[in-house]
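**Student:** Please see the structure below; I have some questions.
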Amino acid sequence: MTKKLITLLLALTMVFACAVPSFAVTANSIPVVGGDSYYLQGSASSYAVTDAITVHVYINSGTYQNSSSVKYGPIDAVYDVTLTPTQSTTYSVEDVLYAINNSTTNTILFDMSTPDPTGSHQSWLHGVKDTSINSSFWFAASTLYNGSTPYYCGWMFRINGNIPAYIATVNNEEKILGYEIADAYVSDGDVINLYYSNIYNHNFATKSDALVLTGTPTLSDNTYSATFKAMQCQCYKDEGDEDWTLVNWSLLAGNNYEVLIDGVSYGTISTDGTTGCFTVTGLSEGTHTIRIATVSTKVFRVGSTNFPSWKVLKEFGLCTIFECGNGGN
C-alpha cells in the first residue's frame, strides 16, 4: 500500500476549498424508509479512472474539554479534493485523506498509523487534528465511559450518506460487512462524511440523519415553502462482535431538531408524528442547502468522573441541496 500511495501522491493535483457544507446526496443513494443504509461496493476495477475526479470531504468532530475547562473543537470543515491520475487507477478513502495530508495549504491532518481500540481494524482513521484550532491536539480514537460501561469511540465514515459494504461468510453465515478506508473506493463527485462517534453499543449508536425533499417547493407571497421528510439509520458494534451491524432507514417522527438553512440556524422544527415531515417557509428563489444540526452526548475518559471529557456525536445531519424556482439553474 505504501508504494502505491507514493506513486499516486506524486500524480495528484489537489484543490481545497473550506466552506459551509453544500453538497447533495446523489440520486442513487436517496434514502427511503425501510431502505438499506449501505450499498454493496463493486469490484476495484469498476472504480478505475483515467481522468481527474473531484471528491468532497466533510469532517466533523465532537468537543473535547480538559481539566482546566479548555475546549477544543468542534472541527467542522469541508475540502474539495481533485485527484489526477497519470494512468488508469483507483482511489480509496485512504488515498483521499493522504492527499489532504500532503497539501501545504490545509489545516486538517489525519493519523492513519494506529489500529482502532478494539484491535479488529488495521486500516483505520485513528485521529484528526485541526491546526487552526490547536497545533498539537488530536481528536483520536479512545476508550470512553458512560458510567462504568466502556465505549470504543472513534472516527467513522459514509460515502454519499451510505456505508460501503460487501458480503462475506462468517461462521457459515452470510453477513453484510462495512469496508475499511483503504478498501472503500470513490468516484467523481462522491461525498465522504468523516465523523467522530460511538461505534460500540446500540443504545449509544452512531446515527445518520437525512432530509429528503418530498415535492416541488411552493411559491406564495413572493417566498417559497418546502417540505422535507426526516429519516435516520444506524451503524454500531456490540460487545464481542467484530462485525458492523447496519440498520435500515427509519422515520424521525414526532421529534424536535434544529435545522440549518445555508449554514444558518432556521430554528427548531417538529417532525410530524406519523410521516416524519416538516415544512420550512420564507425561502428565496434559488439553490439552498438544508441539514439537521449535529447533536452530541458527554462521555468521560478512563479513570475520570469529571474531566477531561468528550462530547461524542450521536447524530450527524447530511446536507441536501434543493432549489426554489429557477434561480439555481
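Values in this text are rule-based calculations from the coordinates and carry no lab data. Since we're looking at a predicted model, the values are computed, not measured. Here the Cβ positions follow ideal geometry from the backbone for every residue, glycine too, while neighbour counts run over all protein chains shown.
**Student:** Full-extension gain between N255 and I321, please, as 0.36 nm times their residue separation minus the C-alpha to C-alpha distance.
**Tutor:** Stretched out fully, the N255 to I321 stretch lengthens by 21.5 nm.
**Student:** Quick one: length gained pulling N66 to N101 fully straight, 0.36 nm per residue minus the C-alpha distance?
**Tutor:** Full-extension gain reported as 9.9 nm.
**Student:** Modelling each spin label as a point 7 Å along the Cα-to-Cβ direction, I'd like the T84/D262 distance in nm, to one decimal.
**Tutor:** 3.3
**Student:** Moving to a separate point now. Within the set of other residues whose C-beta is less than 10 Å from the C-beta of I181, count the net charge using Lys and Arg as +1 and Asp and Glu as -1.
**Tutor:** So the environment of I181 carries a net charge of -4.
**Student:** For segment 275-288, in order, what is each residue's ³J(HN,Hα) by Karplus, 6.51 cos²θ - 1.76 cosθ + 1.60 with θ = phi - 60°, in whole Hz (x at glycine and Pro)?
**Tutor:** In residue order, the calculated couplings are 9, x, 9, 8, 10, 10, 10, x, 8, 7, 5, x, 9, 10 Hz.
**Student:** How far, in nm, would the chain grow between S45 and N222 when pulled straight, counting 0.36 nm per residue and subtracting the alpha carbon separation?
**Tutor:** 58.7 nm
**Student:** Tally Lys/Arg at +1 and Asp/Glu at -1 over every other residue whose Cβ is under 12 Å from the Cβ of S284; what's the total?
**Tutor:** Taking every Cβ under 12 Å from that of S284, the sum is -3.
**Student:** Give me the net charge of T223's neighbourhood, meaning all other residues with Cβ under 15 Å from the Cβ of T223; Lys, Arg count +1, Asp, Glu -1.
**Tutor:** -4
**Student:** With the contact rule set at Cα under 8 Å and sequence spacing of 6 or more, what percent relative contact order holds for segment 122-181?
**Tutor:** After rounding, I find 26 percent.
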